[in-house]
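Novice: Pasting in a structure now, in structure tokens, and then I'll have a few things to ask.
The values are calculated or read from the model by the stated rules, or taken from the named source; none is laboratory data. What you are looking at is a predicted structure, and each value in this text was computed from that prediction instead of being measured. A quick note on method: Cβ atoms are made from the backbone with ideal geometry, for glycine too, and the neighbour counts reach across all protein chains shown. Accessible surface areas use protein heavy atoms only, side chains included; no ligands, DNA or RNA. Shrake-Rupley method; radii C 1.70, N 1.55, O 1.52, S 1.80 Å.
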Amino acid sequence: MCGIAGIIDLSGTQTIPLALIRRMGHALTHRGPDEMGDYRAPGIGFVSRRLSICDVAHGHQPMFNETREICTVFNGEIYDHEKIRADLQARGHQIKSRCDTELLPHLWEDHEERFLDKLNGQFGFAIHDSVNRTILLARDRFGICPLYWAQRRDRDRHLIAFASEIKALIASGLIDPKPDLRGIDCLFSMMAVPGPSTCFEGVNLLLPGHYLKIKLGHSQDEARLEERAYWSVDFPDKGQEYRGERGELVDKFESLLLDSVDRRLKADVPVAAFLSGGVDSGTVVALAKSVRGKAPETFTSKILNSDLDESEKAARLADYTGSQLHYDPCGTEDIVNAYQNLIVAAEAPVVDTACSATQLLARRIHNEGFKVSLCGQGADELLAGYPWFKVERGFSLLQNATGSTVSSAVLNRLRRFLGFDEAGRQRLLKYNESAGGSSAFLFFFSLMNLSRSNLYSSNMHGELESHDPFAALEPDLERMRHWHPLNRSIYWGMRIFLAGHLMSAKGDRVSMSNSVEVRYPFLDNDVFDFLASLHPDWKLKGFQDKYLLRLVAERWIPKDVAWRPKAMFRAPLNSFFLDGRLPYVDQLLSEDSIRKTGYFDYEAVKKWRESYQSTPRILHKRDAVEMGLVGALATQLWHHTYIDPSLADLPDWTAFSSPAGTEEVEPVAEPEAAPPSLS
């Protein structure tokens with residue numbers, strides 16, 4: 001993977017200063033430490049930071065078609081690039097490298113944006129067609145690779161800026177970082193920031209499976225912007241799902257997974273793998289051994305807490321597959337000390353402190369000399385692997401057995417026990433309606449919604465009174481009504497938790513902050529299409545999650561591991577609130593700092609801090625309080641890091657800026673005039 005960024009003047013006439021795009025590139029050095037390349041044309045400036053993985057010697061970016069009229073900068077991988085290259089060459093295209101990036105200008109020549117349907121991969125890229133005065137920004141189906149954009153119409157020109165990370169937009173000097181309360185509200189409503197809003201005012205996240213097509217005008221008023229979905233998650237109508245036979249489906253799924261792993265092992269550098277000790281990563285490692293004849297080297301976090309550590313289970317799988325396992329010790333102190341670095345990488349508040357453990361593990365992978373690692377994430381979303389899928393099924397059975405009145409009464413009593421006031425309960429009902437009906441993830445998200453109800457300041461409640469984060473995602477409710485309820489839950493898991501959290505704060509952002517590309521065999525076009533077509537019983541059979549995967553897994557790993565209940569990868573949430581551990585916690589949650597940001601009610605935060613350790617753990621009430629406190633701390637820390645570095649004795653994000661790459665880049669002069677603001 002790489003990092004890309006650029007500036008577009010919609011009139012297509014202004015010269016984009018070289019210093020401007022290079023500043024953006026330097027902010028992305030961690031994503032591509034191997035080399036930097038830039039491209040300028042009238043009204044256009046692109047930059048790329050390369051992490052060289054495919055055709056290391058000849059994959060320099062940007063890349064062009066034969067006439068150099070079409071240019072691209074690319075972040076990611078196209079896994080079926082060998083077939084696409086052969087097809088293009090058969091049609092007469094001249095392709096000089098084995099790098100997948102070079103295919104994009106030729107695909108655009110033949111198909112324009114229609115070629116997106118042909119791509120099986122993870123990507124974010126930009127294409128400039130100088131003849132047709134067109135720019136295309138596009139992102140992969142599952143949201144593995146990020147792509148942000150911002151715009152500002154000034155009196156003299158209308159500019160678009162884009163980048164793999166928001167840091168590059170800030171580093172350009174083209175945006176003035178200010179908070180967007182809608183993005184923060186997403187965190188406290190659904191534990192993720194899935195887009196299109198971000199935590200930064202005026203900065204948009206291009207949605208998974210979407211493209212932004214920009215047609216330059218001869219003046220800024222003539223330019224056109226069009227954002228569209230080229231792909232969206234879909235399922236058969238309820239009752240039309242494929243049931244199939246056990247042997248047939250196990251064989252088919254196994255074959256698809258083998259092909260997917262094979263595609264993701266292709267690289268001109270060694271490929272490692274994450275190994276947690278569970279069925280998902282264990283199956284991926286075993287399949288990788290089958291494909292290559294030798295298991296990849298594996299990496300696992302050794303959590304220094306006996307209740308959370310799974311390293312012994314990982315060691316058993318490593319021994320079984322013959323993999324060399326590397327342990328990365330991770331304790332409370334490590335999580336605490338790495339937390340601001342996590343916020344810098346994620347560019348948003350992060351409640352899931354296990355993301356710090358993943359970031360530290362990615363650093364270990366990088367230090368051992370690897371640029372690429374396989375990962376088992378995605379299986380839980382596609383195959384209903386989380387506990388809340390079972391909770392939702394239990395309530396569904398209760399409703400069918402006793403009627404909706406009894407089921408609703410149980411839910412209301414649960415919410416009262418957790419501490420929801422009437423406004424909070426009404427808001428959850430509103431979210432339920434906006435999400436197209438009950439969903440497993442609504443039960444999970446309600447834990448953070450408790451924090452929203454109790455910790456927000458009166459100003460935040462007032463500003464966000466009409467904000468509905470589920471409605472803002474514009475789901476196709478009419479289409480969703482035709483799906484099986486389990487598939488509705490899977491949809492929301494993919495749309496919010498997968499794309500908005502696992503592929504960002506726990507995926508791309510923490511791995512690429514250490515120059516490591518992560519590849520996800522379960523997030524493959526063919527794998528998804530197959531699983532989406534199946535009857536839900538192959539995903540959640542009774543209360544057995546990931547049923548079909550476990551049937552495949554028992555062919556490859558020990559049977560007891562294949563059927564072992566899921567264990568969530570967690571790190572201690574309460575690490576930050578132990579007395580005397582971190583001075584900056586008291587500073588960030590002080591009355592002065594909380595009043596400066598305006599997000600939270602100081603007295604409410606103080607009350608929760610004083611009482612959270614005595615909160616009962618029944619029905620996750622203690623977890624909900626801890627998550628809320630970490631959310632408040634994370635939001636204050638994010639604000640200090642990116643918006644106003646006066647809240648605590650901590651540096652801002654620039655102290656964590658990318659180190660210099662391996663190549664020497666000569667300093668460039670600043671532009672004569674300051675660029676216009678895009679905020």
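Novice: Report, by residue number, each residue of the range 362-379 that is surrounded by 24 or more Cβ atoms within 10 Å (Cβ to Cβ) and in a helix (DSSP H, G or I).
Specialist: Those that are surrounded by 24 or more Cβ atoms within 10 Å (Cβ to Cβ) and in a helix (DSSP H, G or I): Ala362, Ile365, Ala379.
Novice: Looking at Phe543, Phe470, which one is more than 22 Å from Phe299 (Cα to Cα), modelled with pLDDT under 95 and surrounded by 21 or more Cβ atoms within 10 Å (Cβ to Cβ)?
Specialist: After ruling out the rest, the residue left standing is Phe470.
Novice: Follow-up question, since we're still on this one. Scan the range 508-532 residue by residue and report those that are open to solvent by 10 Å² or more (accessible area, probe 1.4 Å), assigned to a helix (DSSP H, G or I) and farther than 16 Å from Glu381 by Cβ.
Specialist: Asp526
Novice: Sort out which residues of the range 21-53 are more than 15 Å from Ser515 (Cα to Cα), under 27 Å from the mean Cα position of the chain (by Cα) and outside any strand (DSSP E or B), and write them in order of number.
Specialist: Hits for the range 21-53 are Ile21, Arg22, Arg23, Met24.
Novice: For the range 270-289, does any single residue satisfy the condition of being more than 22 Å from Lys541 (Cα to Cα), open to solvent by less than 20 Å² (accessible area, probe 1.4 Å) and in contact with a Cys (Cβ under 8 Å, 6 or more places away or on another chain)?
Specialist: Within the range 270-289, one or more residues are more than 22 Å from Lys541 (Cα to Cα), open to solvent by less than 20 Å² (accessible area, probe 1.4 Å) and in contact with a Cys (Cβ under 8 Å, 6 or more places away or on another chain).
Novice: So, one more: Kindly provide the set of residues from the range 178-213 that are buried (at least 23 other Cβ atoms within 10 Å of the Cβ) and among the aliphatic types (A, V, I, L, M), ordered by number.
Specialist: Ile184, Leu187, Met190, Met191, Ala192, Val193, Val203, Leu205
Novice: With respect to Arg114, determine if the residue is in a loop (DSSP other than H, G, I, E, B), surrounded by fewer than 20 Cβ atoms within 10 Å (Cβ to Cβ) and basic (Lys, Arg).
Specialist: Criteria not met by Arg114.
Novice: In this structure, is Glu465 free of Cβ contacts under 8 Å to residues at least 12 places away in the same chain and part of a helix (DSSP H, G or I)?
Specialist: no
Novice: Could you tell me how many of the residues in the range 569-613 are in contact with a helix residue (DSSP H, G or I) (Cβ under 9 Å, 6 or more places away or on another chain) and at pLDDT below 80?
Specialist: Number satisfying all stated conditions: 14.
Novice: Do any residues in the range 195-213 that are farther than 24 Å from Asp117 by Cβ have Cβ atoms under 8 Å from those of residues that are open to solvent by 10 Å² or more (accessible area, probe 1.4 Å) and of a type in the set (Gly, Ala, Ser), where the two are at least six apart or on different chains, and which pairs are they?
Specialist: So the pair list comes out as Ser197/Ala472; Thr198/Ala348; Cys199/Ala348; Glu201/Ser679; Gly202/Ser679.
Novice: Let me ask something else. Find all pairs meeting these conditions: Cβ atoms under 7 angstrom apart; at least six residues apart or on different chains; first residue within the range 610-627 and within 19 Å of Val351 (Cα to Cα) and of a type in the set (A, V, I, L, M, F, W, C); second residue at pLDDT 80 or above and outside any helix (DSSP H, G or I).
Specialist: What qualifies is Met627/Val351.
Novice: Can you name every residue in the range 20-33 that is more than 23 Å from Leu216 (Cα to Cα) and open to solvent by less than 10 Å² (accessible area, probe 1.4 Å)?
Specialist: Gly25, Leu28, Thr29, Arg31, Gly32
Novice: Restricted to the range 635-650, and to residues that are hydrophobic (A, V, I, L, M, F, W, C) and in contact with a Phe, Trp or Tyr (Cβ under 8 Å, 6 or more places away or on another chain), which residue is most open to solvent (accessible area, probe 1.4 Å)?
Specialist: Filtering the range 635-650 for residues that are hydrophobic (A, V, I, L, M, F, W, C) and in contact with a Phe, Trp or Tyr (Cβ under 8 Å, 6 or more places away or on another chain), the one most open to solvent (accessible area, probe 1.4 Å) comes out as Leu650.
Novice: On to the next question. Go through the range 315-339 and give me each residue that's at pLDDT below 95 and either under 12 Å from Ala273 (Cα atoms) or assigned to a helix (DSSP H, G or I) (or both).
Specialist: Those that are at pLDDT below 95 and either under 12 Å from Ala273 (Cα atoms) or assigned to a helix (DSSP H, G or I) (or both): Thr332, Glu333, Asp334, Ile335, Val336, Asn337, Tyr339.
Novice: For the range 592-611, name all the residues that are of a type in the set (Phe, Trp, Tyr) and closer than 10 Å to Asn454 by Cβ.
Specialist: Phe600, Trp608
Novice: When the range 334-348 is examined, which residues are found to be open to solvent by 10 Å² or more (accessible area, probe 1.4 Å) and farther than 16 Å from Leu582 by Cα?
Specialist: Of everything in the range 334-348, those that are open to solvent by 10 Å² or more (accessible area, probe 1.4 Å) and farther than 16 Å from Leu582 by Cα turn out to be Ala346, Ala348.
Novice: Quick one: Phe299 ticks every box in (1) in a helix (DSSP H, G or I); (2) open to solvent by less than 10 Å² (accessible area, probe 1.4 Å) bar one, so which box is it?
Specialist: The single condition Phe299 does not satisfy is (1).
Novice: Then there is this: Could you grab me the full set of residues in the range 154-177 that are open to solvent by 10 Å² or more (accessible area, probe 1.4 Å), within 15 Å of Gly202 (Cβ to Cβ) and outside any helix (DSSP H, G or I)?
Specialist: Listed by number, the residues that qualify are Asp154, His158, Gly173, Ile175, Asp176, Pro177.
Novice: Same structure again: Six or more apart or on different chains, Cβ atoms under 6 Å: show the pairs whose first residue is in the range 580-601 and open to solvent by 70 Å² or more (accessible area, probe 1.4 Å) and whose second is not hydrophobic (A, V, I, L, M, F, W, C).
Specialist: Glu591/Tyr602
Novice: Please tell me if Glu310 is open to solvent by 10 Å² or more (accessible area, probe 1.4 Å), more than 28 Å from Ile365 (Cα to Cα) and of a type outside the set (Val, Ile, Thr).
Specialist: In short, no.
Novice: Please verify whether the range 98-107 includes one or more residues that are over 13 Å from Thr72 (Cα atoms), open to solvent by 10 Å² or more (accessible area, probe 1.4 Å) and in contact with a helix residue (DSSP H, G or I) (Cβ under 7 Å, 6 or more places away or on another chain).
Specialist: no
Novice: Also, quick follow-up: Here is a check on your reading of the model: is Asp55 surrounded by fewer than 20 Cβ atoms within 10 Å (Cβ to Cβ) and touching a Ser or Thr at 6+ places or on another chain (Cβ under 6 Å)?
Specialist: It is true that Asp55 is surrounded by fewer than 20 Cβ atoms within 10 Å (Cβ to Cβ) and touching a Ser or Thr at 6+ places or on another chain (Cβ under 6 Å).
Novice: Another question about this same structure. Take the range 244-269 and flag every residue that is surrounded by fewer than 22 Cβ atoms within 10 Å (Cβ to Cβ) and among the polar types (S, T, N, Q).
Specialist: Ser255
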